[in-house]
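Student: One structure coming up, written as C-alpha cells, with questions to follow.
The values are calculated or read from the model by the stated rules, or taken from the named source; none is laboratory data. Nothing here was measured: the structure is a model prediction, and the numbers come from that model. Here the Cβ positions follow ideal geometry from the backbone for every residue, glycine too, while neighbour counts run over all protein chains shown.
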Amino acid sequence: MTKENYKYGRVVLWTGMIMLSLFSFLFIFDSFKTIKNLEKREGILIEKAVLKERFKGNNYRYTFEFKLDNYNQGIGIFLGSGDEAINDGKYYQNLLQIGQPIVVYLDNNFITENEGISRLIYRLDYNGKTILRKNNRNLLKIGLVGLSFNFIFIGLLILLKRRYEKEKLTLINRNMSGAECPA
C-alpha cells in the first residue's frame, strides 16, 4: 500500500464518519422537538388532493396535499408508495372536509419553502381530535444507529493504519536484508 493510498483511505473514512455523524445528530436533534418548537398553523381547509409523483422508473409515491385559507404554501402528508398509500390517501380525502377548521404543527425550512409544500408535519388536529402525530422515537433510533456505525469506521481506520504500517515495515525489512553489510 502506497502512502497516497493510505492517505486517500483515511480521507474517505473520515469524510464518511463526519457525514454520518452530522446526519445522526440532525436526527437526534429532530427527535427532541416538541409542539412548542414548531410553527402552528390554524385555518380553514380550502383545497385537498392526492399527489402522484413518479419515483424511480414505474414506481410512484403519494402525498396528500391540502391548503389552508391563511397560508400560501401547501401542506402535505407523505403517504409512501403502493396500495397502502393509495388507501391512506382515500382515508384523508374522505376524512378532511373543505370548509372545516384545521390545526397543523409543522417544521418549515428553506427546502420546504422552495418546494412550495411542507411535508414536515408533526401533528394534525381536526374537529378537536389529533388525527396524525409524528413518532419521534424512530428519529432517535435512526440517529443512535447512525452514531453506532461510526465504530465501524473507527475500526476500519485502525485496520487501515495497521495494514499500512505492516506493509511499510515489510518494505523496510526487505530493503535492509537486500543491502550488503559493510565489512
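Student: For segment 135-147, state whether one or more residues are part of a strand (DSSP E or B) and among the basic types (Lys, Arg).
Tutor: So in segment 135-147, the residues part of a strand (DSSP E or B) come out as none.
No, that holds for no residue.
Student: Does segment 16-28 include one or more residues that are free of Cβ contacts under 8 Å to residues at least 40 places away in the same chain and β-branched (Val, Ile, Thr)? Talk me through it step by step, then tell me what you get.
Tutor: Applying the first criterion (free of Cβ contacts under 8 Å to residues at least 40 places away in the same chain) to segment 16-28 yields 18-19, 22.
From what's left, β-branched (Val, Ile, Thr): 18.
Yes: one or more hits.
Student: Scan segment 120-150 for residues that are within 20 Å of the chain's Cα centre (by Cα) and of a type in the set (Phe, Trp, Tyr) and jot them down.
Tutor: Matches in segment 120-150: Tyr122, Phe149.
Student: Determine whether segment 134-152 contains at least one residue that is buried (at least 18 other Cβ atoms within 10 Å of the Cβ), modelled with pLDDT under 85, farther than 30 Å from Gly16 by Cβ and among the hydrophobic types (A, V, I, L, M, F, W, C).
Tutor: no
Student: Still on this structure: So for segment 34-44 (the condition being without any contact (Cβ under 8 Å) to a residue 40 or more places away in the chain, closer than 30 Å to Leu144 by Cβ and either among the aromatic types (Phe, Trp, Tyr) or surrounded by 14 or more Cβ atoms within 10 Å (Cβ to Cβ) (or both)), does at least one residue qualify?
Tutor: The answer is no; no qualifying residue exists.
Student: Determine whether Thr63 is exposed (fewer than 12 other Cβ atoms within 10 Å of the Cβ) and of a type in the set (Ser, Thr, Tyr). Let's see the steps before the verdict.
Tutor: Details: exposed (fewer than 12 other Cβ atoms within 10 Å of the Cβ): no; of a type in the set (Ser, Thr, Tyr): yes.
Here the answer is no, as Thr63 does not meet what is asked.
Student: Separate question: Six or more apart or on different chains, Cβ atoms under 9 Å: show the pairs whose first residue is in segment 66-89 and loosely packed, with under 12 Cβ neighbours inside 10 Å and whose second is in a loop (DSSP other than H, G, I, E, B) and at pLDDT below 85.
Tutor: Listed by first residue and then by second, the contacts come to Asn72/Gly116.
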